[in-house]
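Everything below concerns the one structure shown next.
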Amino acid sequence: MKKIITLINLLLLAPSAFAANVDVDDAFMRELIPGTQVTSAYMTISNNSDKDITLVSVSGNVSKRIEIHEHTMKGGMMQMGKLDSIIIKANDEVILQPHGLHLMVFNPSSPVKAGEQVELTLHFDNDQQTKVIIPVKGLKPAHNH
Ligand SMILES: [Cu+2]
């Protein structure tokens with residue numbers, strides 16, 4: 001029943017949008033580094049369908065500008081570049097993680113502190129989209145033991 005309500009909400013909000021057949025796991029946004037206006041977000045996106053799906057953009061409630069980025073090594077230097085999209089192959093997954101693919105979040109409208117939750121919407125080709133609520137994690141991993 002819950003799933004039906006979610007689908008109806010999605011249709012009411014955006015009549016042309018359809019929920020994408022993907023799962024998002026291990027998602028989090030990094031706390032904003034003090035003194036900067038940029039942070040990043042990571043997740044694993046699994047495509048549960050028999051067709052390739054393309055992530056074309058990401059929007060969120062804390063930023064008007066979120067870009068898909070990748071890190072690459074060039075001449076021994078780590079460089080960061082913007083991607084237009086990410087293809088997630090049929091029944092496969094793509095991992096966004098530190099030092100690899102990531103979402104770059106520019107000029108967040110709030111400080112984005114550890115413990116908060118933020119909302120992201122992943123926009124795929126064919127008007128499909130998936131909304132996720134993800135936690136904000138601190139700059140350093142917690143060492144509690
Ligand atoms: Cu980046």
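The values are calculated or read from the model by the stated rules, or taken from the named source; none is laboratory data. As the structure is a prediction and not an experimental result, all values here were calculated from the model. Using ideal geometry, Cβ is built from the backbone for each residue, glycine included, and neighbour counts are taken over all protein chains shown. We work out accessible area using only protein heavy atoms, side chains counted, and drop any ligands, DNA or RNA first. Shrake-Rupley method; radii C 1.70, N 1.55, O 1.52, S 1.80 Å.
For the stretch 38-75, the set of trypsin sites (Lys or Arg not before Pro) satisfying both a DSSP loop assignment and a count of at most 14 other C-beta atoms within 10 Å is given as Lys51, Lys64. On the protein heavy atoms, probe 1.4 angstrom, tell me the percent of accessible surface of the stretch 19-137 carried by carbon and sulfur. Whole-percent figure for carbon plus sulfur exposure: 48.
The 3J(HN,Hα) values that the Karplus relation (6.51, -1.76, 1.60; θ = phi - 60°) gives for the stretch 81-98 are, in residue order, x, 7, 10, 6, 6, 10, 8, 10, 5, 3, 6, 10, 9, 10, 10, 9, 8, x Hz. Gly and Pro appear as x. For Ala20, the residues whose amide H sits under 5 Å from its own are Gln129, Thr130, ignoring neighbours fewer than 5 places away on the same chain, with H placed 1.01 Å from N.
What does the accessible area per residue of the stretch 19-137 come to in Å², with a 1.4 Å probe and no ligands, DNA or RNA counted? Don't skip to the end; give the middle numbers.
Working: 6400 Å² over 119 residues.
For the stretch 19-137, the per-residue accessible area is 54 Å².
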